[in-house]
Structures are given as structure tokens and as C-alpha cells.
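Scroll down for the structure; my scribbles are underneath it.
The values are calculated or read from the model by the stated rules, or taken from the named source; none is laboratory data. Predicted model, so just to flag it, every value in this text is computed and none were measured. Quick reminder, even Gly has a Cβ in these numbers, built from the backbone with ideal geometry, and neighbours come from all protein chains shown. Heavy atoms of the whole protein, side chains included, go into the accessibility calculation; ligands, DNA and RNA do not. Shrake-Rupley method; radii C 1.70, N 1.55, O 1.52, S 1.80 Å.
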Amino acid sequence: MAVETGQSAGSAAGAEGARGRVRETAATHRPGKPGKPGKPGKPGEPGRPGEKSGVNKRPPGRIRNALGRHWYAWAMVAPVVLVIGLIIGYPLARGIYLSLTDANEANVERNIGMNHIPATYDFVGLDNFTAILKDPIFWDRLVWTVTWTAACVALTFAIGLGLAVILNRRFAGRTLYRSLLILPWAVPAFVSVFAWRLLYNERNGILNKILDGGGIDAVPWLNDPTMAKVSVIAVNIWLGVPFMLVALLGGLQSIPGELYEAAEMDGAGPWQRFRHITLPGLRSVSSTVVLLSTIWTFNMFPVIFLLTRGGPGDSTEVLVTYAYRLSFVNSPRDFAGASAWGVLILLILMLFAAVYRRALRKQGEVW
């Protein structure tokens, strides 16, 4: 009887387990309700009837995916993009269009009293660019512009780096010196230029008064072509050093001090530490500030125009001041020629930026 009872219990348990497996299988393969797709199965289970295969689904595009994920950021940026497009995009497109025409003061659309005179200028294609590239004036201005830019950027970087290294050390009054050296950056450029114009005055300027007190004849700072070039370079360096100083000082403070301590313990001297730690540590910062400084200096209008007006003669005239002269000073005003000069300036800077970026990539810099 005991044996029979055990067999009966085992048979009942087996039957119950079989019924449970049948119910589980039926629940797993139960079709979806009419009108509704079946729910997807769990991982490792066979697909249920009614579900669609994901093989033929088309993934969302990159732009759609970005808009879906970052719609709030795009909504915040949209007004700024719109304003920049109106302020920069439209004038740029208008300038490119005018550079392909013969527009000047006599044939553009204008109003004289109650009379409206429509525009009569024509489309001339690349004739303006061809005429500029054949004109020796363009190449003379380009040579001086490149010379002025290279001298200003190189000297500004060297002085800014030297001051940044000094101010990165601890000494009494460091905060005061930092504030004083940033002061030229806080003053508007035209105010600084007018102040320097008073300093450079040949008769009553402070510089010549100091030289006269030492028995030295007055220097024609702004009336001699060579001295005028030196003068405008000095003023631009004075204006550009604070920016270079702040940027490089931030880069110096990001270099770990442990590197200098380890190098000093290994017997490296000051020059070796500067060459093998400081300069490589500043490479990413210096590459950016050099590019920005080059673009700003190449297009530096206030220093040249307010200090020398491009003179004496045309010895200090750069590309951007000559384009301004064509559009606003000379008569009749040549809008097409000035626009063509502006487009050439843009192309030169774009070419420089592309070459500069490629050179950085070859050196291992990601920018």
C-alpha cells in the first residue's frame, strides 16, 4: 500500500506539472486580441503573432534624431541664429552679389526728394576680381597687411607669454599688476587710439617732450612712412597684449604643478622646463589665440584709420581701410569694387584658417 500510494502521488505530480507546462505554452503563444497587435515576446522567446518585424523599420535621420533629443536647446539657440543670420548673413550675401556687378554711387537705387530713381547697374561677373588682381595697388596693400599682421601677432604673443609666465608666479602685488595689465583691454579701442595720437604728436606730444628733455630731436612719429608703420604696430600690440595675457595665463594655470616638480627633481633647468612642459602645455590655447589674433589684426580698422588715416600717403593703408575708402571716401563711391575687396579679404582669411587647421592636425592637435 505504501508503494502504491507513492506511485499515485508521483503520477499526480507529473500530471499536474504537464498541465502547468501546457498552460504556460498556451499563454506564451496566445494570439493578440482582435484589432490589436500582439505584444512582443520576452528576450529568448519566439515572436508572437501580430508583431511587426524590426528588420524593415527605417531608422530616423541624423537631423530628426538631433531635433528630437535636443529640441529645447535648438529652441533656445534659434533666436540667436536668426539675429546673427540677419546681421551677418544678409550683408554678406548682399556684398557678394554687389561684387559681381558694376554698382557705384551713380547707378544704385536712391531717392532724391520725392523722386525715386531705380538701380541701373549691370551684372559683370568676375570682372571686378580680375581688375583687382591685375592692379599693383592690391599686391602692395596685401604685402603690408601680411607684414603688419605677422609682426603684431608675433610680438603680441611673445610679450603676452612673457607676462603670463611672470604673473603665474606668487609675488607681492600680483593681483594689482594683473588688473593694470588688463586695463588697455577694458578701454574702448577708439579712446586708446586717440590717446596714442596725442602721445605721438610731433610738436606737443609727450613722447617728443621727453626726447627733447634729453637733447634728442623730435621724431615724426606719424609723418614719416617708416615711423608711422612702427607706431601703428606698437599701438596694436598695446591693445592686443591683454587678451593674449589672459588666455595664456589661463593655459598656464591648467598645467599640473607636479610636472614641474618632477622635472626639477630630475635636474631640468628653467629653460628645459619651459621648453618641454610649458610650451607643449600651451599648444592648444596658443593655437586658438594665434588664429583669433591673426583674423582680428588682419581686419584691424580703428588703429590704422584713426591713427594715420592710411598715411602718410598710403604707406600704412591695409586692405580693409582701402575697401572702406572706395566705398565711403572716394567720389564716386565704388560699391562693387569695395565689395570685391571685402570678398577677397574673406577668401584670404578662410584660406589661412584652412591651412592653419590642417597644419595643426598634422601636429596631432584636434581642432
Spherically averaged projected area in nm², based on the convex hull that wraps the Cα atoms of segment 131-362: 16.7 nm²
Relative contact order for segment 131-362, counting Cα pairs under 8 Å that sit 6 or more residues apart, in percent: 26 percent
FRET efficiency estimate (nearest 0.05) - Cβ-Cβ, residue 121 to residue 151, R0 45 angstrom: 0.70
Potential extension, residue 266-residue 168 segment - 0.36 nm per residue separation minus Cα distance: 33.0 nm
Residue 146 accessible area, assembled protein chains, probe 1.4 Å, Å²: 80 Å²
Set of segment 274-295 residues, backbone N closer than 13 Å to the point 7 Å along the Cα-Cβ line of residue 255: 274-286
Centre separation in Å (Cα based) which lies between segment 269-290 and segment 325-367: 29 Å
Equivalent ellipsoid dimensions for segment 153-198 as semi-axes, Å, which come from the Cα gyration tensor, largest first: 24, 15, 7
Rounded percent of accessible protein surface that carbon and sulfur make up, segment 233-282, 1.4 Å probe: 61 percent
Carbon plus sulfur fraction of accessible area for segment 71-134, probe 1.4 Å, in percent: 71 percent
Computed lengthening from residue 64 to residue 204, 0.36 nm per intervening residue step minus Cα-Cα distance: 43.7 nm
Separation between Cα centres of segment 98-118 and segment 216-252, rounded to whole Å: 41 Å
Rg in Å to one decimal, and Dmax rounded to a whole Å, for segment 162-272 via C-alpha atoms: 19.5, 58
